[in-house]
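Here is the structure we will look at.
The values are calculated or read from the model by the stated rules, or taken from the named source; none is laboratory data. Just so you know, these numbers come straight off a predicted model, no measurement behind them. Here the Cβ positions follow ideal geometry from the backbone for every residue, glycine too, while neighbour counts run over all protein chains shown.
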Amino acid sequence: MATEKKLDKKLYQEWQKSMRQWNEAELIDRIRNAGKLTPQEGWEQYQGLAHFALNYCPKPGEWQQQQKMSDLARYYERIRKLEKWRKKHGRSA
C-alpha cells in the first residue's frame, strides 16, 4: 500500500512568502544597479553565481554521465553528416 505524503500547508505558505520577498528584493537590486555595473563586475557576478551553482548542485549519477556522453556523440555525428551533405551539395543547410 502506497504511503500518502501530505504537504505542510503552513510551511509551504511561509516558503512562498519568503520566495516572493526574495524575488522582490532581487528586482529592486536589479533596478537600483541597472547600468551601474561595469562589464568586468557583471562577469565577476556571473562567475560567482556559476561557481555557487556548480558547487551546490547534485553530482550526476553514472547513468546520467553515460547518457550525456551518448547524446553528445550522437549530436556530433549528426553535425558531421550534415557538414558532409553540405559539402557534397555545395549548399548551406
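Report whether or not residue 37 is assigned to a helix (DSSP H, G or I) and at negative phi.
Values: assigned to a helix (DSSP H, G or I): no; at negative phi: yes.
So residue 37 does not fit the description; no.
Conditions (1) small (Gly, Ala, Ser); (2) at pLDDT 90 or above, marked per residue:
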| residue | (1), (2) |
| --- | --- |
| 25 | yes, yes |
| 37 | no, no |
| 54 | no, no |
| 65 | no, yes |
| 68 | no, yes |
| 86 | no, yes |
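Look at the stretch 37-74 and say how many of its residues are within 20 Å of the chain's Cα centre (by Cα), hydroxyl-bearing (Ser, Thr, Tyr) and surrounded by fewer than 10 Cβ atoms within 10 Å (Cβ to Cβ).
1
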